[in-house]
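Only one structure is covered here, and it is reproduced in the block below.
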Amino acid sequence: MGLPSHLPRIEQFVASRFLCSCSRYYGRGSRQRQQVQHTSSRAYNVVPPARDSTEKAMMDRMLRVDHAGEYGANRIYAGQMAVLGRTSTAALIEHMWDQEKQHLKTFIELMAENRVRPTILIPFWNVAGFALGAGSALLGKEAAMACTVAIEESISEHYNSQIRELMEEDPERYKDLLELIKTFRDEEMEHHDIGLEQDAEMAPVFWLLKNTIQAGCKAAIFLSERF
C-alpha cells in the first residue's frame, strides 16, 4: 500500500510504521483473521465510499481520532496492569482492557481499509498513556479507577458527539458506522460504571484528578483530529 507523496516527511514515517504494523497483524494467518471477521463480512466496509473530498475528510478525521483514543486507552490499561497486575483488581482491569483491545483492532482494520493515516502523535500517546495508567495506579486502586472514570467518560462523550454528527448528516448512509460507535460507546460507559463501583470517588482529590485528566483528553482529541 503506497503513501501519498504530498505528506510531510514525519507523517510519512508515522504512517509507514502504522502500515507495517497492519501488515504484520494481517499476516498472522487465517485463525486470527477469523477473529475480526465480524467487522469484515460486509458488502463494503463500515465506512461507505466517500462521495467527495468533504466526506472523505470527515471520515478520516473520525477514524484517526477514534484510533488514537483507543490506542491511548490501551496504553493506560497496560500501565495500570503493570502496577496492579497481581492485585484483586487485576481481573477487572483485564476485562476492560480486553474490550479496548478489540476496539483498537477494529479501528486498525478500518483505517487500513480506508487508507487513513494515524495521528503523528502516536509515539507521544504511547508514552503518555502508559505513564498516566501506571502513575494513577501507583497512587492506589481508587486513583486508578478515578483515571478510568475520567477517561471513559471523555471517550463516551466524544463518541456521543460523533453519533450526533452522523445522525445529522445521514443516519441511513452511516447506519453500520453508527451501530459500531454506539456499541463501543456503551462498553466505554460500562468501564466508567465499573470505576465508580470500585470506589473511584474515594481517591484523594478525586475531582481535581478527574478534571485534570479530562482536560488532557480534550486536548488529545483536538490534536489527534488535526495532526
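Can you put Arg86, Arg185 in order of Cβ neighbours within 10 angstrom, beginning with the fewest? Walk me through the numbers on the way to the answer.
Working: Arg86 8, Arg185 19.
Fewest to most other Cβ atoms nearby, the residues stand as Arg86, Arg185.
Each residue in Leu138, Leu121 was given a count of other beta-carbon atoms within 10 angstrom of its own, and listing them fewest first yields Leu138, Leu121. Extension gain, Glu113 to Leu208: 0.36 nm times the residue separation minus the Cα-Cα distance gives 30.2 nm. Straight-line reach from Lys56: which lysines have a Cα under 25 Å away, not including same-chain ones fewer than 8 places off? Lys56 reaches Lys105, Lys175, Lys182, Lys218.
Excluding same-chain neighbours fewer than eight residues apart, the lysines reachable from Lys141 by a Cα-Cα span under 19 Å are Lys210. Centre-to-centre separation between the Cα atoms of region 161-182 and those of region 85-128: 22 Å.
If you keep only loop residues by DSSP, which GluC sites (Glu not before Pro) in region 112-209 have at most 10 other Cβ atoms within 10 Å of their Cβ?
Details: sites: Glu113, Glu142, Glu152, Glu153, Glu157, Glu165, Glu168, Glu169, Glu172, Glu179, Glu187, Glu188, Glu190, Glu197, Glu201; in loops: Glu172.
Passing both the DSSP loop test and the Cβ count: Glu172.
Where a number appears in this text, it was derived from the coordinates with a stated rule and is not lab data. Predicted, not measured: the structure shown is a model, and the values here were computed from it. Reconstructed Cβ throughout: ideal geometry from the backbone, glycine too, with neighbour counts over all protein chains shown.
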